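The values are calculated or read from the model by the stated rules, or taken from the named source; none is laboratory data. In this text, all values refer to a predicted model and were calculated from it rather than measured experimentally. With ligands, DNA and RNA removed, areas are computed over all heavy atoms of the protein, side chains included. Shrake-Rupley method; radii C 1.70, N 1.55, O 1.52, S 1.80 Å.
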Amino acid sequence: MEDRLMFVYRGVVTNENSEVLLLLLEKEMERSEFGFVGRKRLFMFVLESLQNVSRHSNGPLGDIMSLVVYSKKDNGYTVTTANVISRDDEPELREQLQLLNTLKAKEIRELFRKKLSTTSFSSKGGAGLGLIEMAKKTGNRLDYDFLEIDDSKLYFVLSKSVDSGGTGSNEEGKAVDFSGKNIFSLEKMMAENNIGMVWSGHLSSDIEKQVLSFTETKMSEDDIEVKARRKVFSIMVESLQNISKYNPGFEIEEKLGMPIAMIVSEKNGMRLTTGNLIKNSMIASMEDKLKTVNRYDKKGLKELYRISLAGEDLKAEHTGIMGLIDIARKSGHKLDYQFDKVNDEYSYYVLSVLVDITGKGTR
C-alpha cells in the first residue's frame, strides 16, 4: 500500500506472457481516467520494456530473476522492469540513456530517424532503437539504475511514470535522481519467499480473467502437466470469486486495504493466497465454515459437497460454503486462514491453500 504496488511478476519474460501482461494493465486502466493518448503511450513503453527484457536479459543468475512491476501514482501509473545484464553492456547502455535524457522531444525524433536509417539489425534487434522509441512515444526521460550483483553481472532497472495524458512526470531534459534499490529489494524478498506473482488492486471480472490467463500461461511455460494446471486454475477461480463476495467498494479498499492474489512455488505444489477486507460481523460465520471444511478428510468433503449441492442444508450460517469445500477437495490440503483486525468495522481476511500437483495431498 505504501508504494502503491498493483502488480509484480518475478520470472522469465516471454512473447506469450508479455501479451497477457499488457492486457492486465489495459483492463486496470479502463476504470481509470486514462485517456486514449495516455494509454497508447504507456502501452508502447510497456511493450518495448518487455521486449527489451526478453531480448537482452542474460537470464536468471542463481536466485535473481527478471521483474515486472506496475504501480499507481496520483494521476497515472509507473511501469518498472528489471533484469540481469552483463557488466560489459553497461557503458553503452548508460551512454544511450544519458543522451536520451538530455534531448528535447524534437531531437529524440530526429535521432530515431537517423538511427533507423543507419542501424544494422541483429538477432536482438536494432541497437538502442527500443530505448529511443520509448523516449519518443512518452515524450520524456527514462528513469534507470544499475545495481551490482557480482564482478560480471548487474541488475538493470528501467522505469517510467506516465500521467493520464501520456506525459511523463519528469521535466523534459532535466536530470532527476532515481534509485532502483527498492526494486532490487523486492526481487530478493520474492526470491526468499518463492513468490512468482502478486496482484494487489480492485478485482473486476475483466481483471480476474487476466490474472487467471496469466496464471495459466505461466504454468504452461513451467511445463506443469495439464491435469495439475486445471486443478490450480479451478482453485484460483474459486479463490478470486471468494474475494468478490466480500467486496466493500473501491473507496474503502483504497483506504483500508486492497485485495491480494499471490502465487507461491513450494516443493510439492503451488500455494495460492488471497487477501481481502471482511466485515467483523461476518468473521464468526466465516471461521465456522473454514473449521467445518478442515474437519473433513477427502471422503468426508465429497459427502459434504454432495449435501450442500443438493440443498439439504441451507441454513444461513452454512451458505457460501460450497466454494471452500471445492477448494479443499481439489487442493488436497487443509485451508490456512487468518483474520487481522483493521478497525471496529473491518478485518483483513487471508485465505491460503497449497495446491497439490504431485497427487500426494495430505488430507
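One table, with the values for the structure above:
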{"quantity": "Amide H contacts of residue 355 (H built 1.01 Å from N, under 5 Å, at least 5 apart or other chain)", "calculated": "270, 271, 272"}
{"quantity": "Helix-derived mean residue ellipticity, 222 nm - over the chain, DSSP H n ≥ 4, -39500 (n - 2.57), to 500", "calculated": "-14500 deg cm²/dmol"}
{"quantity": "Karplus-derived 3J(HN,Hα), 6.51/-1.76/1.60, for each residue of segment 99-115, Hz, glycine and proline x", "calculated": "4, 4, 6, 9, 8, 7, 4, 5, 5, 5, 5, 5, 4, 4, 5, 5, 5"}
{"quantity": "Long-range amide H partners of residue 346 with built H, under 5 Å", "calculated": "280"}
{"quantity": "Area of residue 112 that stays accessible when all protein chains are in place (1.4 Å probe, Å², to 10)", "calculated": "40"}
{"quantity": "Most mobile listed residue (290, 212, 309) in the chain, GNM with C-alpha springs under 10 Å", "calculated": "309"}
{"quantity": "Accessible-area value, residue 203, 1.4 Å probe, nucleic acids and ligands omitted, Å²", "calculated": "30"}
{"quantity": "Carbon and sulfur %, accessible surface of the chain computed with the full protein complex present, 1.4 Å", "calculated": "48"}
{"quantity": "Heavy atoms of residue 279 accessible to a 1.4 Å probe, total area in Å² rounded to 10", "calculated": "90"}
{"quantity": "The chain - accessible surface per residue (Å², probe 1.4 Å)", "calculated": "50"}
{"quantity": "Cα-based Rg of the chain normalised by 2.2 N^0.38 Å, two decimals", "calculated": "1.11"}
{"quantity": "Exposure ranking of 217, 274 by accessible area [1.4 Å probe, largest first]", "calculated": "217, 274"}
